[in-house]
Ligand SMILES: [Zn+2]
């Protein structure tokens with residue numbers, strides 16, 4: 001039997017805006033609705049960024065928290081992956097949402113050029129993010145934008161910094177990074193199989209090459225990524241109607257290659273993730289506490305300077321609200337220019 005295909009839907013990203021395609025979900029409510037439709041169309045993994053309501057980028061853990069809560073509720077069992085990509089935050093801020101404990105988070109294991117800037121991932125930042133993911137039991141998806149990033153990921157997993165088996169995404173078609181090359185993909189896949197046995201992989205193509213990479217990945221035994229983050233068009237003339245439509249197209253395409261979309265249980269087994277259905281409430285509460293603890297550790301020296309009172313959570317009901325307030329005041333104390341800046 002051939003391997004079922006995990007379809008990742010990259011719902012929003014940090015670049016496309018409503019002006020590019022009105023179907024790009026921006027608010028958390030829109031993101032949950034769009035992901036639910038994509039989930040029903042066959043996606044089993046949601047790759048998520050969050051935005052401010054005006055469409056600008058952010059890595060606000062409070063927004064990630066609300067998104068996670070909505071997805072857990074409306075897409076039962078779906079694998080949630082947060083982006084730690086560099087467009088929405090600086091340095092350690094990029095890992096501020098890992099303590100919320102989504103199943104996965106993206107991790108680029110090197111630097112490269114993007115269309116208009118350097119995608120900067122210095123070694124110490126990669127290790128810091130990888131350590132955080134290990135600490136919170138979050139599986140990294142290694143983002144490979146260039147060949148060295150693959151070898152770096154394998155070295156880090158051999159060293160124990162990243163857990164095994166690896167899950168790698170090969171990204172093609174980003175201007176100034178990897179061109180769309182079948183030879184390159186085959187070489188990468190061969191190296192991965194040789195150097196990281198048991199690893200899984202996904203192919204991602206940007207713009208009109210999204211579908212090219214979907215086809216190649218299905219043919220070569222990999223998994224697929226689609227969604228408005230990477231491509232807002234359906235074809236040369238028309239905009240993609242929704243994330244769900246792009247997912248449905250890949251689900252349909254699976255049949256041409258003797259594959260089918262994975263179920264939630266299959267996707268989790270393929271990625272060596274625990275089955276869905278653990279005590280969601282307890283885990284969510286633990287996650288919220290861990291998130292605030294992370295923010296406190298990260299910013300405690302600056303907090304001292306601002307003279308914030310020590311944390312003292314209320315005993316029972318209202319704890320979640322207290323945590324949100326606490327996170328907001330931490331943010332306000334350490335980033336005064338952003339005000340209480342969480343929404
Ligand atoms: Zn992304």
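Brief remarks on what is shown
- Residue check, residue 117 within 16 Å of the ligand (Cβ to nearest atom), under 30 Å from residue 31 (Cβ atoms) and at pLDDT below 95: yes
- A count restricted to segment 27-53 and to residues that are surrounded by 24 or more Cβ atoms within 10 Å (Cβ to Cβ) and assigned to a helix (DSSP H, G or I) stands at 4.
- Any hit, segment 84-95, residues being touching a strand residue (DSSP E or B) at 6+ places or on another chain (Cβ under 9 Å), in the same structural domain as residue 234 (by TED's automatic domain parsing) and within 21 Å of residue 264 (Cα to Cα): no
- Of all residues making up segment 197-206, the number that are more than 21 Å from residue 46 (Cβ to Cβ) and in contact with a strand residue (DSSP E or B) (Cβ under 8 Å, 6 or more places away or on another chain): 1
- Checked against (1) modelled with pLDDT under 95; (2) under 18 Å from residue 172 (Cα atoms); (3) not in a loop (DSSP other than H, G, I, E, B), residue 106 passes all but condition (1).
- Residues that are surrounded by fewer than 20 Cβ atoms within 10 Å (Cβ to Cβ), part of a loop (DSSP other than H, G, I, E, B) and either without any contact (Cβ under 8 Å) to a residue 40 or more places away in the chain or within 16 Å of the ligand (Cβ to nearest atom) (or both) within segment 218-239 comprise 234, 235, 236, 237, 238, listed in sequence order.
- Count of residues meeting criterion [within 15 Å of the ligand (Cβ to nearest atom) and farther than 15 Å from residue 9 by Cα] in segment 27-62: 4
- Taken together, 13, 85 contain a single residue that is within 11 Å of the ligand (Cβ to nearest atom), at pLDDT below 95 and within 28 Å of residue 254 (Cβ to Cβ), which is 85.
Residue-by-condition table, conditions (1) over 16 Å from the mean Cα position of the chain (by Cα); (2) in contact (Cβ under 8 Å) with a residue 40 or more places away in the chain; (3) surrounded by 15 or more Cβ atoms within 10 Å (Cβ to Cβ):
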position	(1), (2), (3)
78	no, yes, yes
85	no, yes, yes
100	no, yes, yes
103	no, yes, yes
133	no, no, yes
160	yes, no, no
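The values are calculated or read from the model by the stated rules, or taken from the named source; none is laboratory data. Remember, it's a predicted structure, so these values are computed and weren't measured experimentally. Every residue, glycine among them, receives a Cβ derived from its backbone with ideal geometry; neighbour counts consider all protein chains shown.
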